[in-house]
1. What is the order of A:371, A:386, fewest Cβ neighbours within 10 Å to most?
2. Would you calculate the separation in nanometres between label points at residue A:306 and residue A:322, each defined as 7 Å from the Cα along the Cα-to-beta-carbon direction?
3. Show that you can apply the helix-only estimate: for chain A, add -39,500 (n - 2.57) for every DSSP H stretch of four or more residues, divide by all residues, and state [θ] at 222 nm to the nearest 500.
4. Taking the beta-carbon count within 10 Å as an exposure proxy, list A:276, A:354 from fewest neighbours to most.
5. Please report the relative contact order for region A:3-128, taking Cα pairs under 8 Å with a sequence separation of at least 6, and give it as a percent rounded to a whole number.
6. Quick one: if you stick a label point 7 Å off each Cα along the C-beta vector at residue A:119 and residue A:201, how many nm between them?
7. What is region A:303-486's relative contact order, in percent, from Cα pairs under 8 angstrom and six or more apart in sequence?
8. Between residue A:133 and residue A:2, how many nm apart are label points set 7 Å from Cα along the C-beta direction?
DNA sequence: TAGCTCGTTGGACAA
DNA sequence: TTTGTCCAACGAGCT
């Protein structure tokens, strides 16, 4: 009796899973496999928040499979060797999986596919993660797009496939299951990590991904365009970690938006839905860029930025990481991140801008911190976001756009609900000074129980000085004039 | 090939 | 208080 190995990676779902559906169609017993292969992830093995999520996601996937009289076989180590060993052990003659697009994975999967085929096995890969795979989108010169708008316009001329259906009922299973590790044996949960905060904020797994999408489509997609920028409002989809781990796929989201427009006949049905799909477009664009410019994980897309005079300052970096910069909107975001493994998108931009422009600390430092702290840490999205903020990526902000953390706070958290939630020591301060507590008169600070520099830090940099220094540093980069450096602190 | 337009998310300042 | 205007680099993408 032969069998098909279905190799799960970042597609931890049963719905819209082309590899699994194809295996089912093939008819042979299916052996679902997950291999924890940290060396195979290149320089970007999952960080602590991602490992926590992965642990629970694997539990959820196993539960879902057991509901279909199947189970998830777990292994750890080199993916290629583990697959070969499992194939030999189970007499499997085919291995199916869904593709990934990170540089290290592409290189590894290519070797694995060749080795399996050399042994006479059928090795097939599918697209589960993207609406449009990177090699299917190009500009009129045949080159990859580097600007979002033309990229997304081009994508919208291409068809989006419907989600793949998996027939109901038990999955064909082998008579004997191969040996498997327990999820706990993968050692994904570390003792020092913030498991409690994450568990309060999130429920990993496909079932909750589907629930979250339904809830969002029902209540939040229509007002999305108007409220998504306000961090105190639960106005975003919160689907990012589910998408990263593939507990839901972009085709399912596309189909949900399409289903909603059936009544009106207009697609998308609302401005909110249109803006929401554009966000999905950014996710596509991030994968497109990562695929075509794999060096951007470490290096700026715009080569000139390798000359940027970044500062190294461990104390400033630590203050940023811990939410102790003295700028409430920045600190609130960094504390939300530490506490929940997630940060509102608007605040991600503000905190990232502050690190690279006000502190002039290299974006790679920020990317590394986010990578470890975010439950939705995704190499493509993280890279694009940080390069965009630093101004060295695709479609980056013009150099003279520098977020003013006070104005951003006043504009997007006018009533201070967000800041008061994450910085309780400032809660009693009136709105007028909440985003710049150092400007508050002494008697107000005393009334609010705040001792500047003790209960809450003074700003570690002055906005206007930092802004000038950032512009000067950009000028140094642009002209290559080393004299400009002398003027920089 | 040359030239033109444009760019997710802004800020400072004047009126 | 709100609104409009400048900032004015740089390179992608298109015609």
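1. Details: A:371 21, A:386 26.
Least crowded to most crowded, the residues run A:371, A:386.
2. Output for this residue pair reads 3.6 nm.
3. Numbers: 22 runs with 222 residues, N = 489.
Roughly -13500 deg cm²/dmol at 222 nm, from the helical runs in chain A.
4. Starting with the residue having the fewest Cβ neighbours, the order is A:276, A:354.
5. In percent, rounded to a whole number, it is 36.
6. Using points 7 Å along Cα→Cβ, the separation is 4.1 nm.
7. Dividing the mean separation by the residue count of region A:303-486 yields 27 percent.
8. 2.2 nm
Each value in this text was obtained by applying a stated rule to the coordinates, not by laboratory testing. Given the structure is predicted, the values throughout are model-derived calculations rather than measurements. In this analysis, Cβ positions are derived from the backbone assuming ideal geometry, glycine residues included, and neighbour counts consider all displayed protein chains.
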